[in-house]
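What follows is a short report on a single structure.
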Amino acid sequence: MTTLRTAAQICDHGLAPPERRTALDAIATRYAVALPPTLADLIDRNDPHDPIARQFVPDAAEIDHRSEELSDPIGDDVHSPVEGIVHRYPDRVLLKLTHICAVYCRFCFRREIVGSEKGKVLSTAALEAALDYIRAHSEIWEVILTGGDPLVLSVRRLRAVMKRLSEIDHVKVVRIHTRVPVAEPLRITPDLVRALKIRGIAVYVAVHVNHARELTALAHAACARMADAGLPLLAQSVLLKGVNDTPEAMANLMRALVECRIKPYYLHHGDLAPGTSHLRTEIATGQALMRSLRGRLSGLCQPAYVLDIPGGHGKSPVGPNYIERSGSNGGEHFVIEDFNGRRHQYPPV
Ligand code: SF4
C-alpha cells in the first residue's frame, strides 16, 4: 500500500463506505488528505469510532464551519515579519521550512495552508531572508522548525539548514516539531539522525502523538534511534473528542510516551480550525482529564494543558487550579488541594 491521498483510495481500502465517497471527495478537494500505510494499517475497519481513523480519515462533518472558527486560528500571520518566520515570543521564532506533511490530521490548526502547492517548500531566497532575520535579532535563543513537517525534507536539506543555524552565535537551541516518527517511522534513518545532531546546539525533537496505538513497534524503534543518539524527545498532543478524551485513553497515551522516552510536554486544547468542531472538547473536559492524571500517574506523565489564544496572543496554561488565597490580613495564606481533593492550609495552622 502507498500513502492514500483521495476519497476513492480511502473507500477502496475499506476505511470509509463507498456511499460516503462523494461527500469525502468534497472534503478532500478542500483540505489535504494523506494517510500513510503505517497509520492506515492501525485502523480497525470494524470500529466506526476508531481513534486513529477519527484523526486521519476525512469526515463529512468537516464541511460544517462554525462562526467562531478561524482560517488562522493561532494568529501566525500577524507575527510573520518575513516569509517562513513567525516571531510571536521574544526569545524564539518558528521557521516553517515546508507546508508538506507525512500525514494530514483532520484537526490541523494550519489546515488552510498545509498540503497546498503555494509555499510547498521555502525557496532558497526565502530561506536566506529568514536566516538573515534570525541573524539580525540577537534576542532569538531558540528556533523551532515546523510547518508542515520539517522531517519530510531530504537529509541533505535538513543538514544544510541545521548547519546554517549552528553558525548563528545567539541561536542555542533548535526544536523540531514532527509527526514523522509515528507516520513514516522508517524515514528516521541513522543518516537523518546524524543530520539533526549539530555540535554546539541543543536539539530537541517534539513528536506529535495523540493516541497510544500510534506508538507502534516501528515508531518505538524510530524514537529509540533519536534518543540513543542523544536527541531529547518531547511530546505534543492535542485533546480530541473520541480519540483521547477519557481518563483511560489519556493515561495510556502519557504512559506509552514515557515508555518511549518521550517526555509529555504540551496537551493542546483543540484550536478553532475550520470544520473541526466535531473533534473539539470543552475546556472543562481537559481540566478534568488533567486532574485524573495528577497523583495517579508519575510526574513524568504530566503535560501542561494549554490553549493558544485566538488572534496570535500565544499559549496560556488552562489546567485545573489547586490553590486559592485565604484570609485577608496577617500575611499570605492559601488553601491547597491535594490529588485526592482534600484541602490543606498553607502554611499549616
Ligand atoms: S502533522 Fe502537524 S502540521 Fe501536519 S497536518 Fe498534522 S497537525 Fe497539521
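Tabulated values for the structure
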{"item": "Flag for residue 147 being surrounded by fewer than 21 Cβ atoms within 10 Å (Cβ to Cβ) and either within 14 Å of the ligand (Cβ to nearest atom) or modelled with pLDDT under 95 (or both)", "result": "no"}
{"item": "Hits in region 42-51 - residues which are open to solvent by 30 Å² or more (accessible area, probe 1.4 Å), within 26 Å of the chain's Cα centre (by Cα) and free of Cβ contacts under 8 Å to residues at least 24 places away in the same chain", "result": "44, 47, 48"}
{"item": "Checking residue 138 against (1) away from the ligand (no atom under 15 Å from the Cβ); (2) buried (at least 16 other Cβ atoms within 10 Å of the Cβ); (3) of a type outside the set (D, E, K, R), the condition it does not meet", "result": "(2)"}
{"item": "Output for region 178-208, where each listed residue is within 16 Å of the ligand (Cβ to nearest atom), under 16 Å from the mean Cα position of the chain (by Cα) and open to solvent by 20 Å² or more (accessible area, probe 1.4 Å)", "result": "184, 208"}
{"item": "Pairs where the first residue, in region 82-95, is assigned to a strand (DSSP E or B) and the second is of a type in the set (Phe, Trp, Tyr), C-beta under 6 Å, 6+ apart", "result": "85/133"}
{"item": "Residue check for residue 131: among the aliphatic types (A, V, I, L, M) and either within 14 Å of the ligand (Cβ to nearest atom) or closer than 29 Å to residue 238 by Cα (or both)", "result": "no"}
{"item": "Every residue from region 63-121 that is surrounded by 18 or more Cβ atoms within 10 Å (Cβ to Cβ), among the hydroxyl-bearing types (Ser, Thr, Tyr) and farther than 30 Å from residue 170 by Cβ", "result": "104"}
{"item": "Strands (runs of 3 or more DSSP E) (entirely within region 287-349) containing at least 1 residues that are of a type in the set (D, E, K, R) and touching an Asp or Glu at 6+ places or on another chain (Cβ under 8 Å)", "result": "304-308, 315-317, 323-325, 343-346"}
{"item": "Check on residue 270, under 23 Å from residue 337 (Cα atoms), of a type outside the set (A, V, I, L, M) and within 17 Å of the chain's Cα centre (by Cα)", "result": "no"}
{"item": "Helices (runs of 4 or more DSSP H) fully within region 98-203 counting 3 or more residues that are free of Cβ contacts under 8 Å to residues at least 24 places away in the same chain, out of contact with any strand residue (DSSP E or B) (no Cβ under 8 Å at 6 or more places or on another chain) and not basic (Lys, Arg)", "result": "124-136"}
{"item": "Total residues in region 7-41, condition β-branched (Val, Ile, Thr) and open to solvent by 30 Å² or more (accessible area, probe 1.4 Å)", "result": "3"}
{"item": "Qualifying position, being among the aromatic types (Phe, Trp, Tyr) and either under 25 Å from residue 67 (Cβ atoms) or open to solvent by 20 Å² or more (accessible area, probe 1.4 Å) (or both), among 305, 266", "result": "266"}
{"item": "Selection status of residue 152, among the hydrophobic types (A, V, I, L, M, F, W, C), under 27 Å from residue 315 (Cα atoms), within 16 Å of the ligand (Cβ to nearest atom) and open to solvent by 20 Å² or more (accessible area, probe 1.4 Å)", "result": "yes"}
{"item": "Residue in region 209-217 that is in a helix (DSSP H, G or I), touching a residue at least 40 places away in the same chain (Cβ under 8 Å) and surrounded by fewer than 23 Cβ atoms within 10 Å (Cβ to Cβ) present", "result": "yes"}
{"item": "Qualifying residue in region 281-298 (condition: modelled with pLDDT of 95 or more, more than 27 Å from residue 144 (Cβ to Cβ) and in contact with a Pro (Cβ under 7 Å, 6 or more places away or on another chain))", "result": "yes"}
{"item": "Single residue of region 317-333 satisfying the filter (surrounded by 13 or more Cβ atoms within 10 Å (Cβ to Cβ) and out of contact with any His (no Cβ under 9 Å at 6 or more places or on another chain)) that is farthest from residue 237 (Cα to Cα)", "result": "333"}
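The values are calculated or read from the model by the stated rules, or taken from the named source; none is laboratory data. Please read all numbers here as calculations on a predicted model, not as lab measurements. Glycine gets a Cβ as well: all are built from the backbone with ideal geometry, and neighbour counts include every protein chain shown. Quick note on the areas: whole protein, heavy atoms, side chains included, nothing else; ligands and nucleic acids left out. Shrake-Rupley method; radii C 1.70, N 1.55, O 1.52, S 1.80 Å.
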